[in-house]
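Chemist: I have a structure here, written as structure tokens, and I will follow up with some questions on it.
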Amino acid sequence: MTASSGGGPATLDRTGALSLLARCDELATYSTLPGGLISRVYLTEEHRAVNALAAEWMIEAGMRTWQDAAGNQCGRLEGRTPGLPALLLGSHLDTVPSAGRYDGILGVLIAIAAVDRIHASGIDLPFALEVVAFGDEEGTRFGRALLGSRALAGTSDPAWLDLVDEHGVTLRDAYTAFGLDPSLLGAAARQPRELVGYLEAHIEQGPYLEEAGHALGIVSSIAGARRFAITVNGHAGHSGTPFDRRHDALAGAAEIVMLIERTARDAGLIATVGHLDVFPNAVNVIPGRVELSLDLRAESDADRDRVWQQISTDMTSICESRGLTVETRQTHNAPAVACSPRLRDAIAAGIASTGNIEPMLLLSRAGHDGMAVADVTDIAMLFIRCRGGVSHHPDEHVLAADVAAATDAFEAAVLALVAATPELADGPAAPSAPVAATSAPATPGTEA
Ligand code: GLV
Ligand code: MN
Ligand code: MN
């Protein structure tokens, strides 16, 4: 929010809130949807373009950049000696369909701004800083979330290469078209010994900070999520068929949707049916098949799994009573993740530096890249108030003052870790030969 002294009164400080918000606006123009709506998914031209922009900003901030083997855009500022383990800072640049412009994106920009400031201050760093702009957190294109962050954690399943998008393109072919070699995906994996931890700033995507009048909060843990593809099979037929002769898959699916809501609500956890396809989807044909999605989340994996068992049993009963059958396939399973006390303390110190010494502790019901990164290193998150708790919607909104506070707090959190860290031994830290998208057209996202 401050004007830079060097660039004249009209030039905004590039790490200030107004610059970060302008960058969010710029990234929002890379979309496959018309009319100002945002949709940007993994391994597309839009992904390539935002990686290139992020790389430019990383370079300005003093980082060396590369695109890893999974298409994540990375940047690194060395510590006091080259090759030290790195503190990862990041979030994602992909979106859901008809998205807002801050989910994930703001966290990447805050991370770059924090490194920019620390680089400019010339402070002696006992570890390296790396920013990662993950290419896939949402799972919009291939139906499997966290593809970017799982690759970094080394937990990608080779079977996922056979996943297909809505046009029948496999993940394998999408990597190739993006200029990446799917057989080298493992090169994106980082080892625990290379890492100091992972910090992520993210909009809250919930109403609690706003309700309490806080700009910033600390995440205690991230809810575990499971997702299922559910298929209800009946018999298609003429809409003149009497009710007692019907096996209407949509009527069964409607009962299942209500069952899911009731069961999750009674158990105090969250469930969403967000996608539904009806076949053959004609006004005068009884639906013969319905495909629906289920996204189920809870603070405790045991509660979530118990509720799924209950839904599964009751769904089968509903279908039996209607002469239908039901099949389910799990498409995502991410256990709940607790944030590390050591890194949470750093986030608390960061928030305290902005004047709030009793920050709120919040459960994240939204999923985040940190869930995957937690398999290789400790994680913690800073939450930023968003208007009305609205997210995954074009109305997503943050206040410039909150972005300014978040950037200050995030920088201070990193500096708190710097202050608390003794000299680290040199380790095999940065990928010694970062994977650049050399087969793609040269962009600032390649090694610089
Ligand atoms: C991602 O935003 C998710 O929570 O699914
Ligand atoms: Mn999201
Ligand atoms: Mn997100």
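Chemist: Scanning for something closer than 22 Å to Ser391 by Cβ and aliphatic (A, V, I, L, M), does segment 112-128 turn up at least one residue? Working first, answer last.
Modeler: Pass one, segment 112-128, residues closer than 22 Å to Ser391 by Cβ: 112-113.
Still in the running and aliphatic (A, V, I, L, M): 112-113.
Looking for residues that are closer than 22 Å to Ser391 by Cβ and aliphatic (A, V, I, L, M), one finds at least one in segment 112-128, hence yes.
Chemist: Working only within segment 241-263, note down all residues that are in a loop (DSSP other than H, G, I, E, B) and touching a residue at least 40 places away in the same chain (Cβ under 8 Å). Spell out the reasoning first.
Modeler: Just the residues of segment 241-263 that are in a loop (DSSP other than H, G, I, E, B), to begin with: 241-242, 246, 248.
Answer for segment 241-263, where residues must be in a loop (DSSP other than H, G, I, E, B) and touching a residue at least 40 places away in the same chain (Cβ under 8 Å): Thr241, Arg246, Asp248.
Chemist: Going through Arg141, Arg117 one at a time, which residue ends up being more than 12 Å from ligand 1 (Cβ to nearest atom), farther than 30 Å from Arg80 by Cβ and not in a strand (DSSP E or B)? Spell out the reasoning first.
Modeler: Working: Arg117 fails: farther than 30 Å from Arg80 by Cβ.
Answer to the check: Arg141.
Chemist: Still on this model: With closer than 21 Å to Gly389 by Cβ and in contact (Cβ under 8 Å) with a residue 24 or more places away in the chain as the only criterion, which of Ala236, Ala229, Ala201 stands out? Give the steps one after another, and end with the answer.
Modeler: On the way: Ala236 fails: closer than 21 Å to Gly389 by Cβ; Ala229 fails: closer than 21 Å to Gly389 by Cβ.
Just a single option satisfies the conditions, and that option is Ala201.
Chemist: A follow-up question, please. Determine if segment 117-130 includes at least one residue that is surrounded by fewer than 17 Cβ atoms within 10 Å (Cβ to Cβ) and within 16 Å of ligand 2 (Cβ to nearest atom).
Modeler: Scanning segment 117-130, I find no residue that is surrounded by fewer than 17 Cβ atoms within 10 Å (Cβ to Cβ) and within 16 Å of ligand 2 (Cβ to nearest atom), so the answer is no.
Chemist: Is it the case that Ala177 is more than 16 Å from ligand 1 (Cβ to nearest atom), small (Gly, Ala, Ser) and closer than 25 Å to Pro34 by Cα? Walk me through it before giving the result.
Modeler: Details: more than 16 Å from ligand 1 (Cβ to nearest atom): yes; small (Gly, Ala, Ser): yes; closer than 25 Å to Pro34 by Cα: yes.
When the stated conditions are applied, Ala177 passes them.
Chemist: What's the number of the condition Ser391 fails, among (1) away from ligand 3 (no atom under 16 Å from the Cβ); (2) in contact (Cβ under 8 Å) with a residue 40 or more places away in the chain; (3) in a loop (DSSP other than H, G, I, E, B); (4) not acidic (Asp, Glu)?
Modeler: Ser391 satisfies all of (1) away from ligand 3 (no atom under 16 Å from the Cβ); (2) in contact (Cβ under 8 Å) with a residue 40 or more places away in the chain; (3) in a loop (DSSP other than H, G, I, E, B); (4) not acidic (Asp, Glu) except (1).
Chemist: May I ask you to list the residues in segment 134-184 that are among the small types (Gly, Ala, Ser), more than 16 Å from ligand 3 (Cβ to nearest atom) and within 21 Å of the chain's Cα centre (by Cα)?
Modeler: Within segment 134-184, the first condition is being among the small types (Gly, Ala, Ser), and the residues that meet it are 135, 139, 143, 145, 148-149, 151, 153-154, 156, 159, 168, 174, 177, 179, 183.
From what is left, the residues that are more than 16 Å from ligand 3 (Cβ to nearest atom) are 143, 151, 153-154, 156, 159, 168, 174, 177, 179, 183.
Residues satisfying the conditions are Gly143, Ala151, Ala153, Gly154, Ser156, Ala174.
Chemist: Pull out all pairs, ordered by first then second residue, where Cβ-Cβ is under 8 Å, the residues are six or more apart or on different chains, the first lies in segment 364-384 and is more than 26 Å from Asp402 (Cβ to Cβ), and the second is near ligand 1 (Cβ under 10 Å from one of its atoms).
Modeler: Taking only residues 6 or more apart or on different chains, the pairs are Ala372/Leu146; Ala372/Ala334.
Chemist: Same structure again: Examine segment 100-109 for a residue that is of a type in the set (Phe, Trp, Tyr), away from ligand 2 (no atom under 14 Å from the Cβ) and in the same structural domain as Gly389 (by TED's automatic domain parsing), and state whether such a residue exists.
Modeler: no
Chemist: So which residues in segment 352-387 are closer than 29 Å to Pro85 by Cα, within 16 Å of ligand 2 (Cβ to nearest atom) and charged (D, E, K, R)?
Modeler: Once the filter is applied, which keeps residues that are closer than 29 Å to Pro85 by Cα, within 16 Å of ligand 2 (Cβ to nearest atom) and charged (D, E, K, R), segment 352-387 yields only Asp369.
Chemist: Can you name the residue in segment 309-332 that is touching a Leu at 6+ places or on another chain (Cβ under 7 Å) and surrounded by 21 or more Cβ atoms within 10 Å (Cβ to Cβ) and, of all such residues, is farthest from Pro287 (Cα to Cα)? Working first, answer last.
Modeler: Our first condition is that a residue be touching a Leu at 6+ places or on another chain (Cβ under 7 Å); within segment 309-332, this holds for 311, 314-315, 318.
When the remaining residues are screened for being surrounded by 21 or more Cβ atoms within 10 Å (Cβ to Cβ), the result is 311, 315.
On the way: Ile311: 22, Met315: 18 Å.
Selected residue: Ile311.
Chemist: Condition first: farther than 22 Å from Asp25 by Cβ and touching a strand residue (DSSP E or B) at 6+ places or on another chain (Cβ under 7 Å). Now tell me which residues in segment 39-64 satisfy that.
Modeler: Gly62, Met63, Arg64
Chemist: OK, next. Do the conditions hold for Ser19, that is, is it over 18 Å from the mean Cα position of the chain (by Cα) and modelled with pLDDT under 95?
Modeler: Working: over 18 Å from the mean Cα position of the chain (by Cα): yes; modelled with pLDDT under 95: no.
In short, no.
Chemist: Being modelled with pLDDT of 95 or more and more than 30 Å from Thr15 (Cβ to Cβ) is true for just one of Leu106, Leu125, Leu161. Which residue is that? Even if it seems obvious, please write down each step before you answer.
Modeler: Details: Leu106 fails: more than 30 Å from Thr15 (Cβ to Cβ); Leu125 fails: more than 30 Å from Thr15 (Cβ to Cβ).
None of the others qualify; the one that does is Leu161.
Chemist: Next up: Since Ile112 meets every condition but one in (1) within 19 Å of Val376 (Cβ to Cβ); (2) assigned to a helix (DSSP H, G or I), which condition does it not meet?
Modeler: (1)
Chemist: Go through the residues of segment 85-99 one by one and say whether even a single one is over 22 Å from Asp408 (Cα atoms), charged (D, E, K, R) and touching a residue at least 40 places away in the same chain (Cβ under 8 Å).
Modeler: So the first thing to find is which residues in segment 85-99 are over 22 Å from Asp408 (Cα atoms), and the list is 85, 94-99.
Those left that are additionally charged (D, E, K, R): 94.
Checking the rest, the ones that are also touching a residue at least 40 places away in the same chain (Cβ under 8 Å) come to 94.
Yes, some residue in segment 85-99 is over 22 Å from Asp408 (Cα atoms), charged (D, E, K, R) and touching a residue at least 40 places away in the same chain (Cβ under 8 Å).
Chemist: In segment 350-373, how many residues are within 16 Å of ligand 3 (Cβ to nearest atom) and within 23 Å of Ala412 (Cβ to Cβ)? Show your work before the answer.
Modeler: From segment 350-373, those within 16 Å of ligand 3 (Cβ to nearest atom) are 362-373; that's our starting set.
Among the residues that remain, those that are also within 23 Å of Ala412 (Cβ to Cβ) are: 362, 364, 368-370, 373.
Total meeting the criteria: 6.
Chemist: When only residues in segment 47-104 that are among the acidic types (Asp, Glu) and assigned to a loop (DSSP other than H, G, I, E, B) count, which is surrounded by the fewest Cβ atoms within 10 Å (Cβ to Cβ)?
Modeler: Of all residues in segment 47-104, those among the acidic types (Asp, Glu) come to 56, 60, 68, 78, 94, 103.
Within this subset, residues satisfying the condition of being assigned to a loop (DSSP other than H, G, I, E, B) are 68, 78, 94, 103.
Numbers: Asp68: 25, Glu78: 19, Asp94: 30, Asp103: 26.
So the residue we want is Glu78.
Chemist: Considering (1) of a type in the set (A, V, I, L, M, F, W, C); (2) within 16 Å of ligand 2 (Cβ to nearest atom); (3) crowded, with 22+ Cβ neighbours inside 10 Å, say which one Val390 fails and leave the rest.
Modeler: (3)
Chemist: Still on this structure, I have one more. Out of the residues in segment 333-378 meeting the condition of being of a type in the set (Asp, Glu) and either touching a Phe, Trp or Tyr at 6+ places or on another chain (Cβ under 9 Å) or not in a loop (DSSP other than H, G, I, E, B) (or both), tell me which one is surrounded by the fewest Cβ atoms within 10 Å (Cβ to Cβ). Full working, then the answer.
Modeler: Step one: filter segment 333-378 for residues of a type in the set (Asp, Glu), giving 345, 358, 369, 375, 378.
Still in the running and either touching a Phe, Trp or Tyr at 6+ places or on another chain (Cβ under 9 Å) or not in a loop (DSSP other than H, G, I, E, B) (or both): 345, 369, 378.
Numbers: Asp345: 16, Asp369: 32, Asp378: 20.
Per the criteria, the residue is Asp345.
The values are calculated or read from the model by the stated rules, or taken from the named source; none is laboratory data. Just so we're clear, the structure is a prediction, and the values are computed from it rather than from any experiment. Because the Cβ atoms are built from the backbone with ideal geometry, glycine has one as well, and the counts that use them run over all protein chains shown.
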